[in-house]
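Okay, structure first, notes after.
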Amino acid sequence: MKNAKKLIAFALSLCLALSACTKTEEPKTSQQGEDTGLSTFVDWVVASEDLTTFLIQHSESEANARVLCNNISPLLEYNNHGVLGPAVAKEWESDETGETWTFRLREDVTWVDASGEFQANCTAHDWATAMEWILNYHKNGAANTAMPFRTIAGAQEYYDYTKGLSEEEGKALKATDSTFTDVVGVEVPDDYTLIYHCNGPVSYFDTLTACACLYPLSQAQIDKQGVDAVFAQQPDTMWYNGPYLTQNFIRGNSKDLVRNESYWDKDCKLFDRVTILVLEDGNKDDALFETGEVDRTQLHDSTLRMIYENEDHPYHDQLVMVRGSLGNQIMMFNYAKNKEDGTPDMNWNEAVANEAFRLSLYYGMDLYEFWASRNYIDPASCQAHTFSISNLSVFSDGKDYTERVKELLNYDTEKGRYDEQKGQQYKEQAMKELEGKVTFPVEVDYYVASGNQSQLDAANVLKGCMESLGTDYIQFNIKTFVSSIRNEVNIPSLHSISIGAWGADYGDPQNFLTTIWSGDDGASWGVYQEHINEATTAAVDAFAQFSDLARQGMEITGDKDERYEQLAQAEAYAINHALIIPLRLIGMNWSLTKTNAYAQPYASYGVQRNMYKNWQTSQEPYTTEEYEQFQADFEAGKI
């Protein structure tokens, strides 16, 4: 078929950007030579990915970050090659041990309100204020605490201290109080110098500047509006120092990002306006692209088949695989599930605590159709083996961290994990071990957004994969939530399983493992998806073993290879015991687009990949041939 081999070869040869660090190097940016691109850009999200907060310090999801990273400026920014360069910090350095990091800031960055009116200068104090907010239990709960706990001196102690205060006492604290300055390793010697003191060597600390927990917050705004108002801020009340202001926000409908005329980077390329549509049905973007109402689309299975199989289709030669978000989608089990009446669902909890039951799913699910629903052209390329992602951490001999994890897994990753015979063996073992404790078939409750056809379609594919072990063994129930899966499903703990992909916040594998381990309020998935800290079954011991292995690795700071080896052992333990199940790579999706993804900010970590800055666009969709040239130019360092 015309272009078929070419397309597949192109997909398999895509090069993921390697993350890198620097100190004062200016980042490469890709400016358009002749400006024939778009002055306005129309993007989209599905309703379940609409914002839940406008306070970046309280967010740990890409759904929020994709907008908020356009509103707030960080210390450092990475370019399209993943290289860190100056942003608000014009230069930075660490001591020889990597325990103390100093950032020297620009003096021309300002905070403005939603109308663009000046409110305050942005200074180093705003990063101290943000850290105090994050570590203050009564201001931020436990959101975004995991990284500071692991790296910043005194962070855990300050959080524990505030947790013991009354709400009124906690909310009254400031970053200038001695209770903070004497405990937490954040120092502001003058208005434009910021120093972080770590609790040990942290060689990757500068990559943390791309994480939401190191974004600034103005104390002047807090003083003016109050703690509660800032926590609940909306676009018309928040303060901005980033490239765009958010306007015309209608929850569940749309929002506009308009150029911030006071933005400090006068040489960058910005859109005049970015409109983000919220689609109830994730299948609608294909049709909207055809009518010119959005400027890029992630092609769904039926549309991709129609275009790919018809040589005369007008979009046949415009199929491209863009550089997608980096992450491996995993299945997480809820180890303390409740029924809808709030009582424990012990039938599920006992079943999932049984290792043979989990391993029957781990080996017995044939995920080929699940992969094909995202990449019909080459489904097997979507197979995921690990939780952590490649091109993030590398041993001193050049071996990628994920390759070491794969070596430690109990199957041949070249052949794949699916083993029908092994799946049936574990099924029989589980039914024998659970006899008299569990009623079969075990019911699996999985939730999708009401009215979201694409989520429903994906759920039905997953249902087929899981029930292939036998409906005498598994009954997969697809249920719906109305508006917030967190509030309606995850917090009341009604789900049996959940699926997610964690984007790396910084350049170290610990940021994956700390999301799912036990005994930590800051483990967002461990708390809200797995509920492992509430479990009373045998799964607790398995998670304790995994968590101990991970903590041992994180305590190793001097020898990078020894650290990565221990963390790889921990990750392999979690996977080999099916505490989680890797499902598929994300980003391996075919698209039609008017954007050159090789030219925009991109790295294996952080929240900046969705920043609409220095983008290259076209009035017409790019062709497969043009994207091949983009890749070649990228690899040659021309863009």
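The values are calculated or read from the model by the stated rules, or taken from the named source; none is laboratory data. Note that this is a predicted model, so its numbers are computed, not measured. Glycine gets a Cβ as well: all are built from the backbone with ideal geometry, and neighbour counts include every protein chain shown. Heavy atoms of the whole protein, side chains included, go into the accessibility calculation; ligands, DNA and RNA do not. Shrake-Rupley method; radii C 1.70, N 1.55, O 1.52, S 1.80 Å.
Go over the candidates 556, 639 one by one and state the one that is open to solvent by less than 40 Å² (accessible area, probe 1.4 Å) and without any contact (Cβ under 8 Å) to a residue 12 or more places away in the chain.
Values: 639 fails: without any contact (Cβ under 8 Å) to a residue 12 or more places away in the chain.
Answer to the check: 556.
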Answer with yes or no whether residue 623 is open to solvent by 10 Å² or more (accessible area, probe 1.4 Å), at pLDDT below 90, among the polar types (S, T, N, Q) and over 23 Å from the mean Cα position of the chain (by Cα).
no
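Only one of these is in contact with a Lys or Arg (Cβ under 6 Å, 6 or more places away or on another chain) and hydroxyl-bearing (Ser, Thr, Tyr): 335, 315, 368, 376. Name it. Steps first, please.
Values: 335 fails: in contact with a Lys or Arg (Cβ under 6 Å, 6 or more places away or on another chain); 315 fails: in contact with a Lys or Arg (Cβ under 6 Å, 6 or more places away or on another chain); 368 fails: in contact with a Lys or Arg (Cβ under 6 Å, 6 or more places away or on another chain).
Within the list 335, 315, 368, 376, the selection yields 376.
Being touching a residue at least 12 places away in the same chain (Cβ under 8 Å), open to solvent by less than 30 Å² (accessible area, probe 1.4 Å), aliphatic (A, V, I, L, M) and closer than 16 Å to residue 329 by Cα: is that true of residue 367 here?
On the way: touching a residue at least 12 places away in the same chain (Cβ under 8 Å): yes; open to solvent by less than 30 Å² (accessible area, probe 1.4 Å): yes; aliphatic (A, V, I, L, M): yes; closer than 16 Å to residue 329 by Cα: yes.
It is true that residue 367 is touching a residue at least 12 places away in the same chain (Cβ under 8 Å), open to solvent by less than 30 Å² (accessible area, probe 1.4 Å), aliphatic (A, V, I, L, M) and closer than 16 Å to residue 329 by Cα.
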Among the residues of region 432-444, are any in a helix (DSSP H, G or I), aliphatic (A, V, I, L, M) and at pLDDT 95 or above?
no
Is it the case that residue 545 is part of a helix (DSSP H, G or I), open to solvent by less than 30 Å² (accessible area, probe 1.4 Å) and not aromatic (Phe, Trp, Tyr)?
no
Looking for whichever is surrounded by 18 or more Cβ atoms within 10 Å (Cβ to Cβ), of a type outside the set (Ser, Thr, Tyr) and assigned to a loop (DSSP other than H, G, I, E, B) here; the options are 615, 525. Which one fits?
615
Filtering region 518-532 down to residues that are at pLDDT 90 or above and on the phi < 0 side of the Ramachandran plot yields 518, 525, 526, 527, 528, 529, 530, 532
One residue is enough: does region 377-389 have a residue meeting the conditions in contact with a strand residue (DSSP E or B) (Cβ under 9 Å, 6 or more places away or on another chain), in contact (Cβ under 8 Å) with a residue 12 or more places away in the chain and part of a helix (DSSP H, G or I)?
yes
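Residue by residue, here is whether (1) modelled with pLDDT under 95; (2) open to solvent by less than 10 Å² (accessible area, probe 1.4 Å) holds:
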| residue | (1), (2) |
| --- | --- |
| 332 | no, yes |
| 341 | no, no |
| 346 | no, no |
| 352 | no, yes |
| 356 | no, yes |
| 360 | no, yes |
| 385 | no, no |
| 393 | yes, yes |
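Please enumerate the residues belonging to region 185-200 that are part of a loop (DSSP other than H, G, I, E, B) and under 27 Å from the mean Cα position of the chain (by Cα). Lay out the reasoning, then the answer.
Quick first cut of region 185-200, residues part of a loop (DSSP other than H, G, I, E, B) only: 185, 191-192, 199-200.
Correct list: 185, 199, 200.
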Do we have any residue at all in region 270-279 that's open to solvent by less than 10 Å² (accessible area, probe 1.4 Å) and of a type in the set (Ser, Thr, Tyr)?
no
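One line per residue, one yes/no per condition, for (1) at pLDDT 95 or above; (2) not basic (Lys, Arg):
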position: 150; (1), (2): no, no
position: 158; (1), (2): yes, yes
position: 163; (1), (2): yes, no
position: 186; (1), (2): yes, yes
position: 195; (1), (2): yes, yes
position: 208; (1), (2): no, yes
position: 220; (1), (2): yes, yes
Scan region 437-450 for residues that are open to solvent by 60 Å² or more (accessible area, probe 1.4 Å) and small (Gly, Ala, Ser) and report the count.
1
Given (1) of a type outside the set (A, V, I, L, M, F, W, C); (2) in contact with a Phe, Trp or Tyr (Cβ under 6 Å, 6 or more places away or on another chain); (3) not in a strand (DSSP E or B), index of the condition residue 66 fails
(2)
Exactly one of 66, 104 is touching a Ser or Thr at 6+ places or on another chain (Cβ under 7 Å) and basic (Lys, Arg), and that residue is 104
Scan region 136-156 for residues that are closer than 8 Å to residue 184 by Cβ and either out of contact with any Pro (no Cβ under 6 Å at 6 or more places or on another chain) or among the polar types (S, T, N, Q) (or both) and jot them down.
152, 153, 154
Selected residue (only one of 535, 568, 574 is farther than 30 Å from residue 40 by Cβ, at pLDDT 90 or above and open to solvent by 10 Å² or more (accessible area, probe 1.4 Å))
535
If you take the residues of region 65-115 that are under 19 Å from residue 245 (Cα atoms) and acidic (Asp, Glu), which of them is surrounded by the fewest Cβ atoms within 10 Å (Cβ to Cβ)?
108
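Determine, yes or no, whether residue 463 is open to solvent by 40 Å² or more (accessible area, probe 1.4 Å) and of a type in the set (D, E, K, R). Give the steps one after another, and end with the answer.
Values: open to solvent by 40 Å² or more (accessible area, probe 1.4 Å): yes; of a type in the set (D, E, K, R): yes.
So residue 463 passes the test.
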Determine, yes or no, whether residue 193 is touching a strand residue (DSSP E or B) at 6+ places or on another chain (Cβ under 8 Å) and crowded, with 23+ Cβ neighbours inside 10 Å.
no
